[in-house]
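The values are calculated or read from the model by the stated rules, or taken from the named source; none is laboratory data. Just so you know, these numbers come straight off a predicted model, no measurement behind them. When we count neighbours, we look across all protein chains shown, and the Cβ atoms used for this are built from the backbone with ideal geometry, even at glycine.
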Amino acid sequence: MLKKLALGLMMFLLLGECSEACSVIVVTKGASEDGSVMVSHSNDGYDGEVNLAYVPSKDHPAGSMRPVYASAAALGAMPEYNTYDQPNLVAPERSADYDFPDRSRTRAIGYIPEVGHTYAYLDADYGIVNEHGLMMGECTDMSAHLPEVPFKKGGGIFYASELSRVALERCRTAREAVELMGALIDEYGLWGSGETLAVADREEAWVFEMQMSPTGKGGFWIAEKIPDGDFFIAASQFRIRGIREGDSNQIFNPNLPQMLKDAGWAAYDEEGRVDWVKSLQSQEFYHPYYSKRRVWRGMSLVAPSKKLPSRVGGWDEKTYPFSVRPDKKLNVEDVARIYRDYYQGTEFDKTKTTLAGMYGSPYHYASEIGERPFLSSNTSYTHISQVSDALPSPVVWMSMNTPYENPFVPFAVSEVPKEYRALRDTYDSTKMYWTSNEVMALTQGYFNIMSPIVRDAVERSEANSVRLINASAVFSKEQFADALRGNALKIFEDWKELSRRLMMKFNAAAGVKYERLPAADTPKKY
């Protein structure tokens, strides 16, 4: 056991202490309350971008080339390419939202042939959703064989962030995106770390997993379709198991089994098939509960009737299925509650450990060996993408900072208000990021005193947004986008008022007396 813990700690250090990796969730069409498909992603780590960028559709001249950029979200800053944590991209040719006149332009690390027309999409550290409803969500995964591969000239040029953006620019469906990304890996290669991309459209959803090659050329990749009616979750660990040749529910390079054998990595399941997880030794950051306990918690929250065990025998155990059918149909609010979970009501409650913060806070501000909850002090943003034929446009529900203290704010695939674009290294009171940061900092410092007030504000805000979305059938795309922008600006004003209210109500120096509030572990919803 000590050897396993030491290996997990070593692998964590290899990927950098600033990274906590992410959690990704998919709700298929048949599993949702209203027939929506949803893909969500918490961007966890100090190096996360906080901006929601709009990239418009474009026509490109024949013969033009598309630059491929590096990302600090992979393995940190790359000054020689003007690639930094903040902003994550300076590329005004791609979008006005990537135009920062006082910052050095990001330099390309490679080029691929451009296509004649590219689609509009919303972007952050990773691509999110395009105008046709193709959605992406990401989490970083562990491979003990090859934890990381820095970029070097002559090697692979794609990391998951740019891979997701190219797919959003060029594809309408999840299957098209899977096939394109696989072809790009085969031709241009990977660098960075092992990654999962959840890929979904209006009808179906896939899990696309990728790993760098020890040769520095190409890469390993595989995708598996999530059965309609199911809920899927990944948390910093690969989830696809046996490679099934001839199965239409899997897509991979036909040479994948042989490639794994040639690398000396191939491991097999009980049916004699090459096992993707075992072959890559997709272990935990901290064995055994950094990843798997989040998988258990997510599945247990949506399908408690399955009575899944909270403990496993090891990193390669098949304790949890690839996906589960929820006990009841899910909506956006259900997904949001999962990202606000800190194992409350279980023996793993983060407020009950020695690393818990003051005032009943579930936030931990130190690295720990053990289970990691969805809720994290290091979350830079969380999004829930939603597509449905009943909506005028795909929607991204975006929560700035940690989602417990911040509402999910819906946006259409269109221009984003400037108030929702900020830099983390420049304080600006006219930005939602900094206002939400103030509310977050106050609440995390005095959690059981302030969180009931903040929780009520979050619930009211999201209830108003849900009502607006539900009434959207009468809107055109343009009207819908305008309505959501107006709603986002109102939420910004509400959060400025909330910050002022918290400061005034609990300012002991001003002699303000406050009433006793209910404990934070008895929430109405989450």
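Select from the stretch 377-392 the residues that are buried (at least 22 other Cβ atoms within 10 Å of the Cβ) and among the small types (Gly, Ala, Ser) and write down the one among them that is nearest to residue 346 (Cα to Cα). That would be 380.
Screening 356, 336 for residues that are buried (at least 19 other Cβ atoms within 10 Å of the Cβ), more than 26 Å from residue 194 (Cβ to Cβ) and either of a type in the set (A, V, I, L, M, F, W, C) or within 19 Å of the chain's Cα centre (by Cα) (or both) leaves exactly one candidate, 336. Residue-level analysis places residue 435 outside the set of residues that are without any contact (Cβ under 8 Å) to a residue 60 or more places away in the chain, touching a Ser or Thr at 6+ places or on another chain (Cβ under 7 Å) and outside the structural domain of residue 85 (by TED's automatic domain parsing). Against the test of being assigned to a helix (DSSP H, G or I) and assigned by TED's automatic domain parsing to the domain that holds residue 242, the options 333, 317 yield a single qualifying residue, 333. Each residue in the stretch 283-305 was checked for being out of contact with any strand residue (DSSP E or B) (no Cβ under 6 Å at 6 or more places or on another chain) and surrounded by 16 or more Cβ atoms within 10 Å (Cβ to Cβ), and 14 pass.
For residues that are in contact with a Cys (Cβ under 9 Å, 6 or more places away or on another chain) and of a type outside the set (Val, Ile, Thr), scanning just the stretch 127-154, find the one that is farthest from residue 214 (Cα to Cα). Even if it seems obvious, please write down each step before you answer.
First, pick out the residues of the stretch 127-154 that are in contact with a Cys (Cβ under 9 Å, 6 or more places away or on another chain): 130, 132, 134, 137-140.
Keeping just the survivors that are of a type outside the set (Val, Ile, Thr) gives 130, 132, 134, 137-139.
Details: 130: 33, 132: 36, 134: 31, 137: 26, 138: 23, 139: 21 Å.
The residue in question is 132.
Screening 311, 294 for residues that are assigned to a helix (DSSP H, G or I) and within 19 Å of residue 372 (Cβ to Cβ) leaves exactly one candidate, 294. Being closer than 27 Å to residue 237 by Cβ and assigned to a loop (DSSP other than H, G, I, E, B) is a description that applies to residue 151.
For residue 163, are the conditions met, namely being out of contact with any His (no Cβ under 6 Å at 6 or more places or on another chain), at pLDDT 95 or above and assigned to a helix (DSSP H, G or I)? Reasoning before the result, please.
Working: out of contact with any His (no Cβ under 6 Å at 6 or more places or on another chain): yes; at pLDDT 95 or above: yes; assigned to a helix (DSSP H, G or I): yes.
The answer is yes for residue 163.
Yes/no per residue for (1) within 21 Å of residue 395 (Cα to Cα); (2) at pLDDT 95 or above; (3) buried (at least 20 other Cβ atoms within 10 Å of the Cβ):
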residue: 441; (1), (2), (3): no, no, no
residue: 460; (1), (2), (3): yes, yes, no
residue: 465; (1), (2), (3): yes, yes, yes
residue: 479; (1), (2), (3): yes, yes, no
residue: 489; (1), (2), (3): yes, yes, no
residue: 495; (1), (2), (3): no, yes, yes
residue: 498; (1), (2), (3): no, yes, yes
residue: 510; (1), (2), (3): no, no, no
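Please verify whether residue 248 is in a loop (DSSP other than H, G, I, E, B) and either farther than 23 Å from residue 176 by Cβ or in contact with a His (Cβ under 7 Å, 6 or more places away or on another chain) (or both), treating the condition exactly as stated. No.
For the stretch 393-422, filtered to residues that are surrounded by 24 or more Cβ atoms within 10 Å (Cβ to Cβ) and hydroxyl-bearing (Ser, Thr, Tyr), the residue that is nearest to residue 492 (Cα to Cα) is 399.
In the stretch 158-192, what residues are of a type in the set (S, T, N, Q) and touching a helix residue (DSSP H, G or I) at 6+ places or on another chain (Cβ under 9 Å)?
Of the residues in the stretch 158-192, the ones of a type in the set (S, T, N, Q) are 161, 164, 173.
Scanning the stretch 158-192 gives 161, 164.
One residue alone among 194, 182 is surrounded by fewer than 24 Cβ atoms within 10 Å (Cβ to Cβ) and in contact with a strand residue (DSSP E or B) (Cβ under 8 Å, 6 or more places away or on another chain), and that residue is 182. Inspect the stretch 366-381 for any residue being in a helix (DSSP H, G or I), β-branched (Val, Ile, Thr), closer than 24 Å to residue 123 by Cβ and not assigned by TED's automatic domain parsing to the domain that holds residue 476 and give the result as yes or no. Among the residues of the stretch 366-381, not one is in a helix (DSSP H, G or I), β-branched (Val, Ile, Thr), closer than 24 Å to residue 123 by Cβ and not assigned by TED's automatic domain parsing to the domain that holds residue 476, which makes the answer no.
Assess whether residue 425 counts as being assigned to a helix (DSSP H, G or I), outside the structural domain of residue 332 (by TED's automatic domain parsing) and closer than 23 Å to residue 53 by Cα. No.
Give 115, 178, 129 a once-over and let me know the one that is of a type in the set (A, V, I, L, M, F, W, C), assigned to a strand (DSSP E or B) and assigned by TED's automatic domain parsing to the domain that holds residue 278.
Working: 115 fails: assigned to a strand (DSSP E or B); 178 fails: assigned to a strand (DSSP E or B).
The unique qualifying residue is 129.
For the stretch 150-191, what are the residues that are basic (Lys, Arg) and within 22 Å of residue 228 (Cα to Cα)?
Hits for the stretch 150-191 are 172, 175.
If you go through the stretch 125-148 and keep only what is crowded, with 19+ Cβ neighbours inside 10 Å, at pLDDT below 95 and of a type in the set (A, V, I, L, M), you end up with just 142. Put simply, of 62, 91 the only residue that is within 23 Å of residue 135 (Cα to Cα), at pLDDT 95 or above, assigned by TED's automatic domain parsing to the domain that holds residue 119 and part of a loop (DSSP other than H, G, I, E, B) is 91. The condition (being over 24 Å from residue 389 (Cβ atoms) and part of a helix (DSSP H, G or I)) is satisfied by just one residue among 466, 439: 439.
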